[in-house]
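Step one of this worksheet: look at the structure below.
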Amino acid sequence: TSRGGIVGLLMAAYAKNFLAGLMLNDIGCELQTDGLLRIKEYVGRPKCHATWDEVATSIASGARGFAHVSHDEWLAMVKHIYIETNAGICPSHDPRLADTLPSEDDIKSGKVGELWSILPALLDIPFALMRGAGSDLLTVATVERMQREAPNLKSTTIPNRGHVPFLDEEESIAAIDQW
């Protein structure tokens, strides 16, 4: 998922013997400016909350591309990515991940890496991709180009999801099972 997918793509290029296959969740060889800028707004800036309901409401209010997601679904999702600490309920990701993101100026000027040259390393392993239909990070055009350059890629679009699908959707489960 997201950053993990980038790691998986890089492993295909540099440590392929560790991969039996690769499933990407809303990440690809090229990333969109809007999505990167949105991610830059919160990665590395941990905001803790007093209750799980506050976390779910906060995440839902800032999510783009999501539709028909109930509060209970947001609540279940945030329990996978937040932890309870003495400071409250806080994101579980390492705040230093922000140090690995391009600067805002680089993102706006298009100085963002792309990973197209890695696709040939994925031609002989099970390779799949899920894209949230409302994703602001991974475009349909990028997925289509990835499919042209890696014909073994099986892609699935997850309706009513942005970046990233939760992986509990019927379509996500079916794609994972098929992969």
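Brief remarks on what is shown
- Close Lys pairs in the chain (alpha-carbon distance under 23 Å; sequence gap of 8 or more, or different chains): 5.
- When a 1.4 Å probe is rolled over the protein heavy atoms, the share of accessible surface on the chain that falls to carbon and sulfur comes to 52 percent.
- The phi-based Karplus calculation (6.51 cos²θ - 1.76 cosθ + 1.60; θ = phi - 60°) puts the 3J(HN,Hα) values of the stretch 81-97 at 10, 10, 9, 7, 10, 5, 7, x, 9, 10, x, 8, 6, 5, x, 6, 4 Hz, whole numbers, x for Gly and Pro.
- When you filter the GluC sites (Glu not before Pro) in the stretch 108-173 for DSSP loop state and at most 16 other Cβ atoms inside 10 Å of their Cβ, you are left with E114.
- The equivalent ellipsoid of the stretch 1-107 has semi-axes of 27, 17, 16 Å, largest first, where each one is the square root of 5 times an eigenvalue of the Cα gyration tensor.
- Normalised by 2.2 N^0.38 Å, where N is the number of residues, the alpha-carbon radius of gyration of the stretch 100-176 equals 1.23.
- For the chain, modelled as a GNM whose springs connect Cα atoms under 10 angstrom apart, the maximal fluctuation among A133, A15, A60 occurs at A15.
- Per residue, in Å², the accessible surface of the stretch 77-179 once ligands and nucleic acids are set aside, probe 1.4 Å: 56 Å²
- Helix-derived mean residue ellipticity, 222 nm - over the chain, DSSP H n ≥ 4, -39500 (n - 2.57), to 500: -11000 deg cm²/dmol
- Ordered from highest to lowest accessible area with the whole protein assembly present and a 1.4 Å probe, S109, S2, S61 read as S61, S109, S2.
- If you take the Cα centroid of the stretch 102-122 and the Cα centroid of the stretch 134-179, the two points sit 19 Å apart.
The values are calculated or read from the model by the stated rules, or taken from the named source; none is laboratory data. Since the structure is predicted, the reported quantities are computational estimates derived from the model, not experimental observations. Note that each Cβ is placed from the backbone with ideal geometry, even for glycine, and that neighbours are counted across all protein chains shown. Accessible surface is based on the protein model in full, side chains and every heavy atom, while ligands, DNA and RNA are left aside. Shrake-Rupley method; radii C 1.70, N 1.55, O 1.52, S 1.80 Å.
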